[in-house]
Amino acid sequence: MMEPVTSELNNNSFINVKPKILLLTWEYPPHVVGGLSRHVYGLAGGLKQDYEVHILTANPGNLSSCEHKNGIYIHRVKPLNEKDPNFLHWILGLNLAMEQKAMELSSFHHFEIIHAHDWLVGACGLSLKESLRCPLITTIHATEYGRNNGIHTELQKFIHTKEGQLISGSDQVIVCSEYMKEEVLQQFSIASEKIAVIPNGISKETLLDDPDSILEGLPVKKGGRLIFSIGRMVREKGFETLIEAAPIIKEKYQDAYIIVAGKGPMLEAHRKKARELKVDDVIFFPGFINDMQRLALFQKCAIAVFPSYYEPFGIVALEAMITGKPAIVSNTGGLKGIVKHEYSGLFMVPGDPYSFADQVSALLENPKSADTIGEQGKKVAESLFSWRRIADETNRVFQETRISRKLEDLV
């Protein structure tokens, strides 16, 4: 069991103790499934200057159950029914295990704020709000309605209901873009003033001296101009648009090729479609890549592209921009709030391979313009989306919520 943090000095006086907060997330590095993991990691790093930050998350294997790393306390639990193949049962078991661990921690930690990330940890967050008499802040990173362009199945209906319960039971809700705010307002019964819009952040990367050495085994073509994308292999990411555009790219630019990294349920379907269109020599799906390979490919590429149909924010676009590479993004969702067309990036029409090919041509045929767009995108990412700035905005929501709760307790 982790020892409680003491603030007592030798002269029995007390220093100003940082308030403690508990962040609930089902994934946290090194357990990375999607962008949520990186978001919580970056936010925790920004908040630790003002708070003693505790992360409560799932243990996907044999990671340490408790560690203090980079100034952050990480507590990992295994679901009570961790071998259950039913995902909903697994999530229920995770929430029960997280709640038990949080109650154990509360015996020697007084948490000022519980901060839940998405419905996956909602049951735990709502329970802790009551048992610990602690304000609950929830960040909604995406909705089931948005991911699927509607609610079509019983599973989707179940998740949608759980999202609504979490949103309703939270003291304050954070979303990452005005697009997401409108989506939440349309789908759930919540007052507009209960929603705060705070974008995702990005950390500066230390560039690799020799990215080529990191890329052995990946389909990198020496002397070719790489168009790079990365994300979960799911429909909403729009990667089939890149496959449909590959014949145009292949015919027009002999040296251009596309790598789309990531894993997910549609990986094999994408590979099969590339073979059927006879473009598997120009578009490659290598599957999972590690963080070093990810950074190396961002450094190596001429263009980054994110062709999503649905993207509440698009933190991966910032990851490209921070390396100084020009990004082509879908003119949809939160991506519209990151990029200014022809200044910090280029817009493509979602699902339109010809629109994507046109933006590729604009960059490949005008390298000076491409470099300028890349540099301007980098400046935007560094100045507007630093985790320190995002943490400051989140801290304001925390402070306002704590004050509101104390005033309510006085009534």
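The values are calculated or read from the model by the stated rules, or taken from the named source; none is laboratory data. Keep in mind the model is a prediction, meaning the values are calculated, not measured. Virtual Cβ from ideal backbone geometry, glycine too; neighbours counted across all protein chains shown.
The figures follow:
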read-out: Matching residues, the stretch 183-197, being surrounded by 16 or more Cβ atoms within 10 Å (Cβ to Cβ) and either in the same structural domain as Arg294 (by TED's automatic domain parsing) or at pLDDT below 90 (or both); value: none
read-out: Residue check for Arg388: without any contact (Cβ under 8 Å) to a residue 24 or more places away in the chain, out of contact with any strand residue (DSSP E or B) (no Cβ under 8 Å at 6 or more places or on another chain) and either of a type in the set (A, V, I, L, M) or in a helix (DSSP H, G or I) (or both); value: no
read-out: Residues (crowded, with 24+ Cβ neighbours inside 10 Å and over 20 Å from Pro199 (Cα atoms)) located in the stretch 321-345; value: Lys325, Pro326
read-out: Looking only at the stretch 267-300, and only at residues there that are of a type in the set (Lys, Arg) and surrounded by 15 or more Cβ atoms within 10 Å (Cβ to Cβ), the one that is nearest to Ser229 (Cα to Cα); value: Arg294
read-out: The stretch 259-285, subset part of a helix (DSSP H, G or I) and among the basic types (Lys, Arg), residue farthest from the chain's Cα centre (by Cα); value: Arg275
read-out: Residue identified as touching an Asp or Glu at 6+ places or on another chain (Cβ under 7 Å) and among the β-branched types (Val, Ile, Thr) among Thr138, Thr143, Thr161; value: Thr143
read-out: Hits in the stretch 286-315 - residues which are touching a Lys or Arg at 6+ places or on another chain (Cβ under 9 Å), under 18 Å from Ile258 (Cα atoms) and not in a loop (DSSP other than H, G, I, E, B); value: Gly287, Phe298, Gln299, Ile303, Ala304, Phe306
read-out: Qualifying residue in the stretch 106-120 (condition: within 24 Å of the chain's Cα centre (by Cα) and among the aromatic types (Phe, Trp, Tyr)); value: yes
